[in-house]
Protein chains: 2
Amino acid sequence: MTISMYQASVPVFNQMMRSLIDILKKAVVDAEKRKIDPSVLVNSRLYPDMLPLVKQIQIASDTAKGCVSRLAGMEPPVFEDNETSFADLTDRLERTIDLLKTIKMEQVDGSEDKTIDITFRGSTSSYKGLPYLLHRSLPNFFFHVTTAYAILRHNGLEIGKADYIGTF
Amino acid sequence: MTISMYQASVPVFNQMMRSLIDILKKAVVDAEKRKIDPSVLVNSRLYPDMLPLVKQIQIASDTAKGCVSRLAGMEPPVFEDNETSFADLTDRLERTIDLLKTIKMEQVDGSEDKTIDITFRGSTSSYKGLPYLLHRSLPNFFFHVTTAYAILRHNGLEIGKADYIGTF
């Protein structure tokens, strides 16, 4: 027995995106209780030149759908990045989970050696599927999920590690 | 071809701990330049009831060595949690990387179905090796690495995603 590329990607991305959805639910209730304009939280950041919550969640979504699509040999579908509210962000995460459902295990498995070319800001990096997943996509994905958590926590939302880990 | 339990654990933990070591190096130089007492940064947190930088790095270390030791069927070695400086934290990460070097691929591989019992604050949770690695240890590890990064970033250290991802 070993780990398949599908097992190390889709269920992990889904676990964390479902956690984020539940955390956003708590943020909505908390903002109402503390009379905080939710858009303040959606646009909050940990430092002036860091990205705000909305962008952290958009990039987490992009990392998950980009990774699984590329491993499956597909062009990643582009989402519009037009979210402005907690409801929009929840919808973004749900659409990402739904998209991952359309990609079958057989499409992702066996992609360990597949060449993945990523063009970002005009320069192209080339990876094999396995390091692309384990050493680039997962670290990147967890970075944005954790930073989203940290932004809300820094703003006083009462959540803990159990909310972050979620259920699996 | 598939992913082995060793491939999905040791090299990923090492990549991120080496990144942290390099980030701490930058923090030392930056603190000197900005005339900040390094212990202020070591004890900095994102919210009063969140853990400080020193604890984030101790837990990242514990998560990495705990995970790999348990998958290998060994009791995780206990480190003392007596770090108070950037030099101590760097040493902690280096000792963790050194410890992982002593655990051989053959000891970790094939642990997908191994039963892992974790007792935390008096209650025991039981996992199979594969979900213990992918759904608990990796998310937990990345949480503390990212939070360490975020604490330093929030305090004005000029680092970016490339410092976090490091080299692999």
Q) Angle, helix B:86-101 long axis vs. longest principal axis of chain B, Cα atoms, 0 to 90°, nearest 10? A) 20 degrees
(Q) How many Å² of accessible surface get buried when A and B come together, counting both sides, probe radius 1.4 Å, rounded to the nearest 100? (A) 3700 Å²
Q: For B:ARG95, place a label point 7 Å out from Cα along the Cα→Cβ vector, do the same in each other copy, and report the separations in nm, one decimal, smallest first.
A: 4.9
Q: Go ahead and set up a Gaussian network model of chain B, Cα springs under 10 Å, then flag whichever of B:SER123, B:SER19, B:SER85 fluctuates most.
A: B:SER123
Q: Mind checking the per residue accessible area of the protein assembly as shown for me, 1.4 Å probe, whole number of Å²?
A: 44 Å²
Q) What figure in square angstrom, to the nearest 10, would you give for the accessible area of B:LYS55 with a 1.4 Å probe? A) 70 Å²
Q) What is the projected area of the convex hull of the Cα atoms of region B:44-157, averaged over all directions, in nm²? A) 7.7 nm²
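Considering every Cα-Cα pair within region A:1-93, what fraction, in whole percent, is farther apart than 15 Å?
Summing the P(r) tail past 15 Å for region A:1-93 gives 65 percent.
Using the structure shown, list the pairs from A:LYS26/A:LYS161; A:LYS65/B:LYS55; B:LYS101/B:LYS161; B:LYS33/B:LYS55; B:LYS101/B:LYS128 with a Cα-Cα distance above 21 Å, or answer none.
Violating the 21 Å limit, Cα to Cα: A:LYS65/B:LYS55; B:LYS101/B:LYS161; B:LYS33/B:LYS55; B:LYS101/B:LYS128.
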Q: Express in whole angstrom the spacing between the alpha-carbon centres of region B:136-165 and region A:71-138.
A: 22 Å
Q. At a 1.4 Å probe, what is the % contribution of carbon and sulfur to the accessible area of the protein assembly as shown?
A. 52 percent
**Q.** Other-copy label distances relative to B:PRO48, 7 angstrom Cα-Cβ extension, nm
**A.** 2.7
(Q) I need to check one value: relative contact order of region A:18-130, counting alpha carbon pairs closer than 8 Å and at least 6 residues apart, in percent. (A) 22 percent
Q) Any idea what the A:PHE79 label distances to the other copies are, label 7 Å down the Cα→Cβ vector, nm, shortest first? A) 3.6
Q | Crossing angle, helix B:138-154 versus chain B [Cα axis fit, 0-90 degrees, rounded to tens] | A | 0 degrees
Q: Name the residue, out of B:ILE116, B:ILE103, B:ILE36, whose mean-square fluctuation peaks in a Gaussian network model built on chain B with Cα pairs under 10 Å.
A: B:ILE36
(Q) Quick check: the angle from helix A:53-71's long axis to the longest principal axis of chain A, C-alpha only, nearest 10 degrees? (A) 10 degrees
Q) Scaled to the compact-protein estimate 2.2 N^0.38 Å, what is the alpha-carbon radius of gyration of the protein assembly as shown, rounded to two decimal places? A) 0.97
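The values are calculated or read from the model by the stated rules, or taken from the named source; none is laboratory data. The shown structure was predicted, so the numbers you read here are calculated from the model rather than taken from an experiment. All Cβ positions, glycine included, derive from the backbone under ideal geometry; neighbour counts span all protein chains shown. The accessibility values were calculated without ligands, DNA or RNA, using every heavy atom of the protein model including side chains. Shrake-Rupley method; radii C 1.70, N 1.55, O 1.52, S 1.80 Å.
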